[in-house]
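To keep things clear, I will list the structure first and then write my remarks on it.
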Amino acid sequence: MKHILAISLILTLRAAATPAPAPAASPYHHVRASLHLPGATMTVAYLGGSITFNPGWRDKVTAYLRERWPRTTLRFIAAGIPSLGSVPHAFRLQRDLLDSGKVDLLFVETAVNDRVNGTDSLLQVRALEGIIRHARRANPSMDIVMMAFADEDKTRDYGAYHTPAEIANQELIATHYQLPSVNIAREVADRIHSGEIDWKRDFKDVHPAEFGQELYFKSIKSLLEDCWATPRHTNIAAAALDPHNFSEGQYLPVNFAEPDSSWHIDPDWTPTDKADTRPGFVHIPMLVATTPGAALSLSFRGSAIGIAVVSGPDAGIIRYDIDGGPEKTLDLHTQWSSWLHLPWYEMLGSGFGDKPHVLRLHLDRGAVRIAHFLLNGPPATTNDAKLAAFMDLRFGMFIHWGPVTLRGTEIGWSRGREVPTAEYDTLYKEFDPVLFNADAWVSAAKAAGMRYLTIVAKHHDGFCLWPTAYSDYNIMHSPYKHDIVGELAAACRKYGLHFCIYSTILDWHDPDYGPHMPVFVQRMKNELHELITRYHPYMLWFDGYWESPWTTAYGREIYDYIKSLDPDVIVNNRLGKKMTSLTEKGAVGDFLTPEQEIGRLNMTEPWESCITIAQQWAWKPNDKVKTTKECIQTLIRTAAGNGNLLLNVSPMPDGRMEEREVTRLKEVGAWLGRNGESIYGTKGGPYVPNDVYASTRKGNKIYIHLFKATPSLTLPALPITPKRVYWLHGPDVPHDGYTINTGASGADNPVLVLEFDTGTETLPIIHD
Ligand code: H79
C-alpha cells in the first residue's frame, strides 16, 4: 500500500514539475477526449429542453460556428423541446435526431428539467448513458458535448457545498465516455455567491434574459476553443456502466397496444379545452381513454417500458403491472397540467431481462392520452401472425406502369438503352393516361380472385406515381396530374383488397444515388414517410438492392425506420443484400422474392414469386400473354410450394388494361371461384410438386392438383391413411390406400381431395 502511494506521489510531483502548455482552462469545463476539427461538412444537433428550444445561446453558438469555420458547410438540427430532460431524450433520440441524418457534433442538455421533473438518479444515468451509446452506435465518431445550465435549486445546492445530483450524474457519464462537458450551473452559482452577479437582476428566470444567454454562450465557446486547441483522442469503447441503460430507446407507435373498446386512437389529436400544447405533441395520433376502467395490454421485448402522455387539466390516475407483478398506481397530473397539455414521460419499469413481457394498464379516473410507448429494446420485426395472414392471401396483382409505356420498352432498364436518356426523362411531359380508372384495375384484380395489389410507385427510372414533395419528377408534373397511388389505395379499400407499394432503392434519375448516399437515404426516408402515413400500405416491396452504393446497414436502417412508423407493414427481403434465405448474414426483410420463377417448396420461410402475365414488366404492344392454363398452373405450383404469387399486369399508356389480360384474369378468377378452398389459406406440401401433380393442405385435407390426365395415380404413402377421396365439389373416387382410380376428369386443372381423420398441415415433406 505504502509502495503504491509513493509511486503515485512521484508521478504527481513529476507532472507538477513539467507543466504542459495547457490552454487557459476554465474551472467549469473539461476538455477530456476533446473534439474533431470540423471537416468540409458538419452537422450540429442541439438536444435539450426549453432553454435549448428557445433562441439565445443556441443562435449565438450557431453564428459563432459559422464564423469560426467559414469553409465548413454547416447544417443544424434544433431538437430542443420544452419540459423534456434525459428520459424523454433517450427515447426520442432516434426519431427526432438520428432519423434526420448523420450528426457530427451533438450538444446535450438535461440537468434543469431532470431536476424539475423529479427524474431519479437511476433513470438519469440509464438515460444519459443510453443517449451516448445510442448516438455513438449511429456514428462512432460523433462528438458529444454535455452541458448543465443553471437554476435556483442548483445555486442553493452549491451554496450549501453540495453538488446537485443532475450535475454529478452528467459528470459521471462524461468522465466515463471522456466527453467534453461544461458546468454552467456551478459557474453561475459561484459568481452569484461572490456577489458579482444576481439571479433576479441578471438572469430573471430559468430561461435567462440576454445577460444569461451571453454568459451561457461564452462558457460554451470557451470550452469549444479549448477543445480545438487540444489534440483529439480517439473515442474509447467504454463498457456500459449500467447494462440496463437506454441505448435502444425508441418510440413504439400507439397501435402496438391492444386496447379494449373504451380506447380510441385520435389520428390528429388537439385539445378540446383551452389548455396550451407543446410543439410535436399536438396534431399527432393519440391513444385516448376517458372512461374509468378502460384497459389495454402491450406485449414488448426489451429492458424498459414507459409512456409519453400529454398531461392536461383532466389528466387522471392509472394502474398498471408488468408480467402480472405487483400493481402500481400513477397519478398523471402535474403542477403544470392545469394550463398545459404537458408532454410527460413516465417509465413504468426498467431493468428487465431480454425476453417478452406484457404491460397491463388501466384507467382509474380522469383521462389518459398516450402519444408514444417508450421501449428500450431491439427494433420491431413483423409479427408472425400478421405474416401468416399475408401468406394466406396467396394471390396478388403486380402493376408496372409509367411514362415509359409511351415507348413500349421495359420500365427502368430501357433508359439509356432502347430509349436515349434525355428522351426517356422527358416522356412524362406527354404522359396523359386519360382512361385510367383505379376502380377498373382493382375490380379486374378482384375478378381474378386476387387478394392484394402492389403498385410500382417508383421504378429504377425514378418517376413517382404519387405527388411527392421530395422530387419534381412525379405525376403532378405530367399533363395527367392524378395521385395514382392514392386513387388505387382508395379503390383497394373499396373492393376489400390489401394495398401494397413497390418502391425501388436504386434510382438512376437521382444524382444523389451513389455519390451522396446519406442525402439519398434521407430522401428515401422522407418518401417512405409520405407513402406510409398517407396510403397506409399493407406491404412494401423494395427492389434494386444489388448495386454497390446500397449496404446491409442502410437496409436495416430503413427497415427499422418503417417499423417505427407502422409496425404492421410487411416488408419484402430486397432491402438486404442476400436473397436466398431470410436468416443468412446480410438478409433484411420478412419474405423471399423469387423473380420470374416459381419458388422452391419452403415450409419455414415465407416467399412470394413475382411473375409477368406477358413477357415484359411494363406494357409493350403485342406482347406474348400467358394462357389461362399457364396462369392457373403457376398459381397452383406456387401455393404447392407454400408461397404467394404476385402476377404482374402491364396497363397501356392510355390508362386501360389490355382486354387480353383482363380476360385471362377473369378466367383464373372463375377457376378460383370453384377451387379457391384448395389455394387460399392452405399450406404447401406434403408432396414436392412434379410434372404430374402438386399438393396443398389445410385442416384434415390434402388437395392434389392434377396437371396431366392419368387414369390411375399412385402417391407416395403418408403415415396416415385417407378415409375418403373425391373430386373437389364432385363425386367420390375409388381408391386403395394411395392408389387412386382417377379415371378421366373432364375439368381443367382438376383437384382431388384426400380427407383424413387427423390434421395434415404438420406432416413432413415427402421427397418423391
Ligand atoms: O420490377 C421488375 C424488374 O424491372 C426488376 N424487378 C422486377 C420486380 C428488376 N430489376 N432488375 N432485375 C429485375 C434483374 C435484371 C435483369 C437484367 Fe436485363 C438482365 C438487366 C439486364 C439484363 C432484362 C434484360 C432487363 C434488361 C435486359
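The values are calculated or read from the model by the stated rules, or taken from the named source; none is laboratory data. Everything numeric here is computed off the predicted structure, so don't read it as measured data. For neighbour counting, all protein chains shown are included, and Cβ atoms are generated from backbone atoms with ideal geometry for every residue, glycine included. Ligands, DNA and RNA are stripped out before the accessible areas are found, and what is left, the full protein with its side chains, is counted by its heavy atoms. Shrake-Rupley method; radii C 1.70, N 1.55, O 1.52, S 1.80 Å.
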Close pairs (7 angstrom Cβ cut-off, 6 or more residues apart or separate chains): part of a helix (DSSP H, G or I) in the range 140-153, open to solvent by 10 Å² or more (accessible area, probe 1.4 Å) anywhere: GLU152/TRP199; ASP153/ARG115
Identity of the residue in the range 582-604, open to solvent by less than 30 Å² (accessible area, probe 1.4 Å), over 14 Å from THR638 (Cβ atoms) and out of contact with any Pro (no Cβ under 8 Å at 6 or more places or on another chain), that ends up nearest to the ligand (Cβ to nearest atom): GLY589
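Take the range 712-763 and flag every residue that is polar (S, T, N, Q) and open to solvent by less than 30 Å² (accessible area, probe 1.4 Å). Break it down into steps so the answer makes sense when it comes.
Filtering the range 712-763 for residues polar (S, T, N, Q) gives 712, 714, 721, 739, 741-742, 745, 749, 758, 760, 762.
Within the range 712-763, THR742, ASN749, THR760 meet the criteria.
Mind counting the residues in the range 135-172 that are modelled with pLDDT of 95 or more and of a type in the set (S, T, N, Q)? Walk me through how you get there before you give the answer.
Start the filter on the range 135-172 by keeping residues that are modelled with pLDDT of 95 or more, which leaves 135-136, 142-172.
Those left that are additionally of a type in the set (S, T, N, Q): 155, 163, 169-170.
Number satisfying all stated conditions: 4.
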Breaking point among (1) among the aromatic types (Phe, Trp, Tyr); (2) surrounded by 17 or more Cβ atoms within 10 Å (Cβ to Cβ); (3) over 30 Å from GLY673 (Cβ atoms); (4) in contact with a helix residue (DSSP H, G or I) (Cβ under 8 Å, 6 or more places away or on another chain), for TRP413: (4)
Pairs, first within 12 Å of the ligand (Cβ to nearest atom) in the range 392-419, second among the acidic types (Asp, Glu) and outside any helix (DSSP H, G or I), C-beta under 6 Å, six or more apart: THR409/GLU418; GLY412/ASP461; ARG415/ASP461
Near pairs, Cβ below 7 angstrom, 6+ apart or cross-chain, from the range 635-658 (touching a residue at least 12 places away in the same chain (Cβ under 8 Å)) to any residue that is of a type in the set (Ser, Thr, Tyr) and more than 16 Å from the ligand (Cβ to nearest atom): ALA639/THR682; ALA639/THR696; ALA640/SER695; ALA640/THR696
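Please verify whether the range 281-291 includes one or more residues that are in contact with a Gly (Cβ under 9 Å, 6 or more places away or on another chain) and open to solvent by 40 Å² or more (accessible area, probe 1.4 Å).
Taking the range 281-291 as the starting set, the residues that turn out to be in contact with a Gly (Cβ under 9 Å, 6 or more places away or on another chain) are 289-290.
Those still in the list that are open to solvent by 40 Å² or more (accessible area, probe 1.4 Å) too: 290.
Among the residues of the range 281-291, at least one is in contact with a Gly (Cβ under 9 Å, 6 or more places away or on another chain) and open to solvent by 40 Å² or more (accessible area, probe 1.4 Å), which makes the answer yes.
Within the range 642-675, how many residues are in a loop (DSSP other than H, G, I, E, B) and farther than 22 Å from VAL751 by Cβ? Steps first, answer last, please.
From the range 642-675, those in a loop (DSSP other than H, G, I, E, B) are 642-643, 650-658; that's our starting set.
Keeping just the survivors that are farther than 22 Å from VAL751 by Cβ gives 650-658.
Residues that pass the stated criteria total 9.
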Residue list for the range 84-96, restricted to those being modelled with pLDDT under 95 and either surrounded by fewer than 20 Cβ atoms within 10 Å (Cβ to Cβ) or hydroxyl-bearing (Ser, Thr, Tyr) (or both): ARG95
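Does at least one position in the range 355-371 carry a residue that is touching a residue at least 24 places away in the same chain (Cβ under 8 Å), in a strand (DSSP E or B) and within 16 Å of the ligand (Cβ to nearest atom)?
Going residue by residue through the range 355-371, those that are touching a residue at least 24 places away in the same chain (Cβ under 8 Å) are 355-371.
After this cut, where a residue has to be in a strand (DSSP E or B) as well, the list is 356-365, 367-371.
With the extra rule that they be within 16 Å of the ligand (Cβ to nearest atom), the set shrinks to none.
The answer is no; no qualifying residue exists.
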Residue, nearest to the ligand (Cβ to nearest atom), within the range 543-567, restricted to residues that are hydroxyl-bearing (Ser, Thr, Tyr) and either farther than 13 Å from PRO379 by Cβ or open to solvent by less than 10 Å² (accessible area, probe 1.4 Å) (or both): TYR545
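Could you tell me whether ASN572 is at pLDDT 95 or above, polar (S, T, N, Q), surrounded by 15 or more Cβ atoms within 10 Å (Cβ to Cβ) and away from the ligand (no atom under 14 Å from the Cβ)?
On the way: at pLDDT 95 or above: yes; polar (S, T, N, Q): yes; surrounded by 15 or more Cβ atoms within 10 Å (Cβ to Cβ): yes; away from the ligand (no atom under 14 Å from the Cβ): no.
For ASN572, the condition - at pLDDT 95 or above, polar (S, T, N, Q), surrounded by 15 or more Cβ atoms within 10 Å (Cβ to Cβ) and away from the ligand (no atom under 14 Å from the Cβ) - is not met.
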Subset of the range 191-217 (residues that are part of a loop (DSSP other than H, G, I, E, B) and small (Gly, Ala, Ser)): SER194, GLY195, ALA209
Residue list for the range 450-472, filter: of a type outside the set (Phe, Trp, Tyr), in contact with a helix residue (DSSP H, G or I) (Cβ under 8 Å, 6 or more places away or on another chain) and surrounded by fewer than 24 Cβ atoms within 10 Å (Cβ to Cβ): ARG451, PRO467, THR468, ALA469, SER471
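State yes or no: is PRO689 touching a strand residue (DSSP E or B) at 6+ places or on another chain (Cβ under 8 Å), within 16 Å of the ligand (Cβ to nearest atom) and in a loop (DSSP other than H, G, I, E, B)?
So PRO689 does not fit the description; no.
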Single condition PRO511 does not satisfy, out of (1) closer than 21 Å to ILE411 by Cβ; (2) crowded, with 21+ Cβ neighbours inside 10 Å: (2)
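Scanning for something among the aliphatic types (A, V, I, L, M), farther than 20 Å from GLY412 by Cβ and out of contact with any His (no Cβ under 6 Å at 6 or more places or on another chain), does the range 534-551 turn up at least one residue? Before you say what the answer is, go through the steps one by one.
At the first step, the residues of the range 534-551 found to be among the aliphatic types (A, V, I, L, M) are 539-540.
Keeping just the survivors that are farther than 20 Å from GLY412 by Cβ gives 539.
Among the residues that remain, those that are also out of contact with any His (no Cβ under 6 Å at 6 or more places or on another chain) are: 539.
Checked the range 534-551: at least one residue is among the aliphatic types (A, V, I, L, M), farther than 20 Å from GLY412 by Cβ and out of contact with any His (no Cβ under 6 Å at 6 or more places or on another chain).
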Conditions (1) open to solvent by less than 10 Å² (accessible area, probe 1.4 Å); (2) out of contact with any Ser or Thr (no Cβ under 7 Å at 6 or more places or on another chain); number of the one not met by PRO343: (2)
Index of the failed condition, ILE475 passing every other in (1) within 15 Å of the ligand (Cβ to nearest atom); (2) buried (at least 21 other Cβ atoms within 10 Å of the Cβ); (3) under 23 Å from GLY416 (Cβ atoms): (1)
Odd one out for VAL182, checked against (1) touching a residue at least 60 places away in the same chain (Cβ under 8 Å); (2) open to solvent by 10 Å² or more (accessible area, probe 1.4 Å): (2)
